[in-house]
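The values are calculated or read from the model by the stated rules, or taken from the named source; none is laboratory data. Everything numeric here is computed off the predicted structure, so don't read it as measured data. In this analysis, Cβ positions are derived from the backbone assuming ideal geometry, glycine residues included, and neighbour counts consider all displayed protein chains. For the accessible areas, the whole protein counts, side chains as well, though only heavy atoms, and no ligand, DNA or RNA atoms are used. Shrake-Rupley method; radii C 1.70, N 1.55, O 1.52, S 1.80 Å.
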Amino acid sequence: MTSVSEQGPDAAGPAGTGQAGEEDLRALFGQSIAMFASLAGPAHVVETANPVFFAAFGRERARTGVPVVDLVPELAGQGFLEALDRVYRTGESSTGRDVRIVLGTGPEAREVFFDFTYEPRRDAEGTSTGVRVIGVETTQVKHAQRLMAEHRALVEQIARQVPLAEVLEGMARCIEDLAPHRVLVSVLLADPDGRHLRHGAAPSLPDFYNQAIDGIATGEGVGSCGTAAHRREQVIVSDIATDPFWADFRHLAEPAGLAACWSTPILARDGSLLGTFAMYHPVPRAPQDADLALARLFTDTAALAIERHHIEQAKLAAEASARSALEELAKAVRAEQRLRAEAEQRATAAAELAARIRAAAALQAGAPHPEKCQLGGAAGCAAPAGIKVADSWGDSAWGCVAHADEALFNVKQVFIANEESGGLAAYLNR
């Protein structure tokens with residue numbers, strides 16, 4: 001490009017040769033993918049430009065004979081006009097790589113990048129008369145570089161086990177920032193049974209809309225997402241206002257400012273449903289190849305994040321179950337230890353009782369057998385003593401059948417309720 005311009009007015013004397021050089025440049029850039037514009041005077045009036053120049057700044061602005069700042073007012077303050085002023089004033093060529101320019105205003109504003117070459121135009125005397133601009137748009141390359149960097153960052157977050165909600169929201173914002181057209185991203189997560197979709201991430205959609213679709217069923221004709229989840233295939237709705245899939249949801253889409261929705265199912269490696277990835281647009285739109293590639297890339301990324309989340313959740317659940325089982329086992333062991341200790345105490349008590357009984361029996365073995373009943377109490381009993389009654393404290397007495405039965409009953413029910421009551425001795429002294 002530079003060699004062509006050097007063979008123009010600077011190298012030739014007659015003005016006619018300079019005009020021929022300009023026409024050569026126009027012919028050269030007529031069908032080029034690079035933009036070209038020839039600007040005149042300090043106001044940088046557009047004398048001529050190729051279609052690529054006007055396409056870059058908006059075909060509706062395709063006219064000549066006006067200053068470039070009037071053609072594209074938003075260029076003011078972005079460095080482009082300042083570069084033109086500097087080249088016009090100094091007469092020195094200049095270049096700019098990945099020059100960032102924001103075109104349009106408000107919601108329709110879009111970010112573009114260019115590699116620019118600015119060359120001075122001179123007359124036969126060498127006086128600066130204008131500036132030639134040659135540029136190549138690098139927006140797609142720049143966005144692709146940023147997209148790959150953001151994608152790597154998301155994958156690293158997944159590897160670091162960053163919470164799923166944070167990963168999905170970051171992914172949604174990344175796509176919204178990098179998409180060439182305004183887009184709103186939503187990720188819905190499938191219930192374990194695959195029959196309903198729950199809110200996952202949608203940072204730019206209105207709250208009322210997110211709340212309304214949280215829990216929608218999967219099925220044919222249930223909007224873009226419900227249908228995509230049901231079919232297990234991408235569903236493209238280019239115009240929500242007329243598509244039958246949106247008949248039950250148009251009352252939500254209109255106040256939310258949604259006019260198109262492309263939804264892609266998020267599937268696990270085994271084909272099971274994980275959720276849906278949706279791209280909403282404020283105007284009716286059909287996807288281009290770049291849009292579909294973007295959807296595929298981030299749908300796969302979302303699947304990776306969700307599957308990793310499910311694995312971590314299953315791992316945590318298994319660990320919690322194992323901890324619970326260990327706690328229950330520990331409780332059972334402690335209960336068994338208590339029961340064993342109690343059994344040992346009872347066995348010891350039983351052995352002590354048996355020893356006392358044997359000692360009492362040995363002590364009483366030599367006692368004389370009375371003739372009369374000893375169990376009649378203060379009133380006495382003249383009946384023959386035929387039955388011997390003894391307790392574990394070593395007390396014993398002989399009595400008749402009637403008083404022996406009474407003594408057994410009373411000692412068992414009343415007098416041995418505790419050791420302090422005295423057992424048979426208390427009964428004898430009643």
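For the stretch 250-258, state whether one or more residues are in contact with a Gly (Cβ under 8 Å, 6 or more places away or on another chain) and of a type in the set (Gly, Ala, Ser).
no
What number of residues in the stretch 117-146 are closer than 15 Å to residue 49 by Cα, open to solvent by 20 Å² or more (accessible area, probe 1.4 Å) and touching a Gly at 6+ places or on another chain (Cβ under 9 Å)?
Of the residues in the stretch 117-146, 2 are closer than 15 Å to residue 49 by Cα, open to solvent by 20 Å² or more (accessible area, probe 1.4 Å) and touching a Gly at 6+ places or on another chain (Cβ under 9 Å).
Of all residues in the stretch 318-356, count the ones that are aliphatic (A, V, I, L, M) and open to solvent by 80 Å² or more (accessible area, probe 1.4 Å).
3
For residue 271, which of the numbered conditions (1) at pLDDT 95 or above; (2) farther than 26 Å from residue 150 by Cα fails to hold?
Only one criterion is unmet by residue 271, namely (1).
Might you check whether a residue that is at pLDDT 85 or above, in contact with a strand residue (DSSP E or B) (Cβ under 6 Å, 6 or more places away or on another chain) and open to solvent by less than 40 Å² (accessible area, probe 1.4 Å) occurs anywhere in the stretch 358-368?
no
Within the stretch 406-425, how many residues turn out to be open to solvent by 60 Å² or more (accessible area, probe 1.4 Å), at pLDDT 75 or above and within 20 Å of residue 357 (Cα to Cα)?
2
Going through the stretch 54-83 one residue at a time, which ones are within 22 Å of residue 110 (Cβ to Cβ) and either among the small types (Gly, Ala, Ser) or in contact (Cβ under 8 Å) with a residue 40 or more places away in the chain (or both)?
Result: 55, 56, 57, 58, 62, 76, 77, 79, 83.
Condition first: part of a helix (DSSP H, G or I), open to solvent by less than 40 Å² (accessible area, probe 1.4 Å) and over 25 Å from residue 105 (Cα atoms). Can you find one or more residues in the stretch 178-198 that meet it?
no
Mind checking which residues of the stretch 272-297 are part of a loop (DSSP other than H, G, I, E, B) and either within 21 Å of residue 168 (Cβ to Cβ) or touching a residue at least 40 places away in the same chain (Cβ under 8 Å) (or both)?
Correct list: 272, 282, 284, 285, 286, 287.
Do the conditions hold for residue 98, that is, is it in contact with a Pro (Cβ under 7 Å, 6 or more places away or on another chain) and surrounded by fewer than 15 Cβ atoms within 10 Å (Cβ to Cβ)?
For residue 98, the condition - in contact with a Pro (Cβ under 7 Å, 6 or more places away or on another chain) and surrounded by fewer than 15 Cβ atoms within 10 Å (Cβ to Cβ) - is not met.
Quick check: anything in the stretch 282-300 farther than 23 Å from residue 159 by Cβ, surrounded by fewer than 16 Cβ atoms within 10 Å (Cβ to Cβ) and among the β-branched types (Val, Ile, Thr)?
yes
Within the stretch 221-250, can you find the residues that are in a helix (DSSP H, G or I) and either open to solvent by less than 60 Å² (accessible area, probe 1.4 Å) or in contact (Cβ under 8 Å) with a residue 12 or more places away in the chain (or both)?
Scanning the stretch 221-250 gives 223, 224, 225, 226, 227, 228, 229, 230, 231, 244, 245, 246.
Looking at 150, 156, 82, 111, which is the one that is surrounded by 13 or more Cβ atoms within 10 Å (Cβ to Cβ) and assigned to a helix (DSSP H, G or I)?
Being surrounded by 13 or more Cβ atoms within 10 Å (Cβ to Cβ) and assigned to a helix (DSSP H, G or I) holds for just one of 150, 156, 82, 111, which is 150.
Considering (1) under 16 Å from residue 304 (Cβ atoms); (2) in contact with a Phe, Trp or Tyr (Cβ under 6 Å, 6 or more places away or on another chain), say which one residue 131 fails and leave the rest.
Unmet for residue 131, out of (1) under 16 Å from residue 304 (Cβ atoms); (2) in contact with a Phe, Trp or Tyr (Cβ under 6 Å, 6 or more places away or on another chain): (1).
So in the stretch 159-176, with the set limited to residues that are under 29 Å from residue 109 (Cα atoms) and over 12 Å from the mean Cα position of the chain (by Cα), which one is most open to solvent (accessible area, probe 1.4 Å)?
The qualifying residue most open to solvent (accessible area, probe 1.4 Å) is 173.
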